[in-house]
Amino acid sequence: MAAKSSVPALPPGTPEFAVDRDTLIGFFHPPIGKSTFHDLVGKGLILPVKGLRGFYRLNESLVRLGLRPVASMPKDTARSGEDLMRWAFTMVDPILFPSPSWMLRDQPTDLERQTAQLIASVHRLHVEAFESVEEKLAYAAGALDAQNLLDRQSNEAGSR
C-alpha cells in the first residue's frame, strides 16, 4: 500500500499565478525576511516556477503554508493597517468591536480578508484572556494606536 503524501493538494479548479518574492512576502503580517523566505523555498513550502527565475507559484505555496488559495491576482490594498486591524478585532468579538464603516461601502479583497484573519489570530488569545470589557477595549485601543503610528511612519518613509 502506498503512503499518503503529507503535502496538501491545491483544490481542483483553483487558478495558479506566478508572482515575485515581494508579492508573496506581502501575504505575511509582518512580512517575513528574505532569509526566512528562502528557507521556506528550500523546505519546499514555497514553490518556484520552473523556467521562470525569480517567480513563485502563489496558490500552491499558500496551500503548503496552511493558508487559503486566492481566486484572483492580489492587488495592492488602499486600506491602512489600522483599517484591517479594526476588522480583525471585529472577527475576534463582533459584539464588542463593531464592523468598521468602510465595510458598508466596499467589499474587502481576498488579501485583505487573509490579512485581517491573520491579525485576528494574533490578538484573539490576548483579548480573550481579559475578563472585563474595559480591559479588552483598552487592549484594542493600544493595539490600534500602535498600528496608527506604524502606518504614519510608513507613509512618511514612502513620501521621502
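The residues on offer are 58, 52, and the sole one that is farther than 20 Å from residue 139 by Cβ and at pLDDT 85 or above is 58. The condition (being more than 20 Å from the chain's Cα centre (by Cα) and either more than 25 Å from residue 85 (Cβ to Cβ) or surrounded by 12 or more Cβ atoms within 10 Å (Cβ to Cβ) (or both)) is satisfied by just one residue among 40, 10, 52, 47: 52. Restricting attention to the range 56-66, which residues are surrounded by 19 or more Cβ atoms within 10 Å (Cβ to Cβ) and within 22 Å of residue 116 (Cα to Cα)? Correct list: 58, 59, 60, 61, 62, 63, 64. The residue pairs whose first member lies in the range 25-44 and is of a type in the set (Gly, Ala, Ser), whose second member is outside any helix (DSSP H, G or I), and whose beta carbons are closer than 8 Å, counting only pairs six or more residues apart or on different chains, are 26/74; 44/7.
Only one of the listed residues (84, 96, 104, 118) is more than 21 Å from residue 31 (Cβ to Cβ) and outside any loop (DSSP other than H, G, I, E, B). That residue is 104. Pairs linking a residue in the range 104-127 that is over 11 Å from residue 91 (Cβ atoms) and surrounded by fewer than 18 Cβ atoms within 10 Å (Cβ to Cβ) to a residue that is at pLDDT below 90 and aliphatic (A, V, I, L, M), with Cβ atoms under 6 Å and 6 or more positions apart or on different chains, are 110/70.
Would you say residue 53 is assigned to a loop (DSSP other than H, G, I, E, B), farther than 18 Å from residue 114 by Cβ and among the basic types (Lys, Arg)? It is true that residue 53 is assigned to a loop (DSSP other than H, G, I, E, B), farther than 18 Å from residue 114 by Cβ and among the basic types (Lys, Arg).
The values are calculated or read from the model by the stated rules, or taken from the named source; none is laboratory data. Bear in mind the structure is a predicted one, so any value in this text is a computation, not a measurement. A quick note on method: Cβ atoms are made from the backbone with ideal geometry, for glycine too, and the neighbour counts reach across all protein chains shown.
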